[in-house]
1. Can you tell me which residues in the range 104-132 are of a type in the set (S, T, N, Q), near the ligand (Cβ under 10 Å from one of its atoms) and out of contact with any Asp or Glu (no Cβ under 6 Å at 6 or more places or on another chain)?
2. Going through the range 149-166 one residue at a time, which ones are near the ligand (Cβ under 10 Å from one of its atoms) and either of a type in the set (Val, Ile, Thr) or under 16 Å from the mean Cα position of the chain (by Cα) (or both)?
3. How about the range 85-177: which strands (runs of 3 or more DSSP E) wholly inside it have at least 2 residues that are among the polar types (S, T, N, Q)?
4. For the range 178-212: of the residues being away from the ligand (no atom under 15 Å from the Cβ) and assigned to a loop (DSSP other than H, G, I, E, B), which is farthest from Ile122 (Cα to Cα)?
5. Considering only the range 226-271, state which residues are closer than 21 Å to Pro120 by Cα and within 23 Å of the chain's Cα centre (by Cα).
6. Would you mind finding the one in Val105, Val146 that is more than 21 Å from Lys232 (Cβ to Cβ) and within 15 Å of the chain's Cα centre (by Cα)?
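Computed from the coordinates by the stated procedures, all read-outs in this text should not be read as laboratory data. Since the model is a prediction, treat every value here as computed from it, not as a measurement. Positions of Cβ are backbone-derived with ideal geometry, glycine not excepted, and every protein chain shown enters the neighbour counts.
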Amino acid sequence: MTAGRSPDTGSLLDWGKKQLKKSGIEDFDFSAEALLRNILNLSRPGLLLNPERPVDQNKIDEYKDLISERAKRVPLQYLIGYVEFYNVKIKCDRRALIPRPETEVLVEIVLEKLKDFKSPKILDIGTGSGNIAIALASNMDTGSVVGVDISEDALNLARENAAENNVQKHTKFLTGDILDGKIIEDLDIFDCVVSNPPYVAESEKDILQPEVIEYEPRTALFSSGDPLRFFKVIIGIAPKILRSHGLMAFEVGLGQAETVKDLMSSTFTDLYSYRDLSGIERVIAGTFTG
Ligand SMILES: C[S@@+](CC[C@H](N)C(=O)[O-])C[C@H]1O[C@@H](n2cnc3c(N)ncnc32)[C@H](O)[C@@H]1O
């Protein structure tokens, strides 16, 4: 910021935008504004309509630190510390993947398909921050969700999120590797299995944004070897974890929808795919016939 100028919200915001633009941050406008709003706890009009509002020195220092982190490509959501997902607030940090807006489609489809189930028991495989499990539990009158993840760090975050959203009584989080099969012995039979598993191929790592590849957990992103491995394993164990006529719903990556539908076609009926807001086939759901 220019020396001698009074530290008001307008000049601080301009400074933040310039720093981020200089560092090549694409969404420099949005990031600079979101970080300042978060620190000052202001709505958008509250920030923009009163640019001469004075700012305390400790808030200026805090803002400068956050701008410097964002300039190093730390994801905005990790700096703000939470995201709005479906209609719940999810705390997020480097322990787990940042919940994505396209995953809300998965929650929407599952809630719609389970509306006639009485007290459904749901399994969320690769629960991460617990976003799917918590959004489901918060939007059902009855029922329960078990979240499984290989990452103990992610599960701790999921438990914190369940407590923040008052759904501890309807959620349970278990450590386990879904690929090695041992966790299956500790699981019940569910009415619904939902999963947004790792589905990015290692070969795609060069096209990911630095925010993703440098800061989000690799175990959440990549399926080593075969990008469809998790779908194949989960479909294969369906008879052990899903009751007959139960619902299976997956989030899939770009171009994976048809193959995942094919993989499900011999043991599932009513197979449909659903598009996200970008028009990409993002969710596959079907009814188990086993
Ligand atoms: C794409 S992230 C999804 C996170 C969250 N459900 C969401 O939708 O944002 C995949 C999750 O699967 C977990 N995971 C990776 N390998 C696993 C395994 N072998 N068994 C269980 N969970 C695994 C990761 O730790 C990560 O939390």
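1. Ser129, Asn131
2. Matches in the range 149-166: Asp149, Ile150, Ser151, Asp153, Ala154, Leu155, Leu157, Ala158.
3. Result: 171-175.
4. Ranking the qualifying residues of the range 178-212, first place goes to Gln209.
5. Ile234, Ile235, Leu247, Met248, Ala249, Phe250, Glu251
6. So the residue among Val105, Val146 that is more than 21 Å from Lys232 (Cβ to Cβ) and within 15 Å of the chain's Cα centre (by Cα) is Val105.
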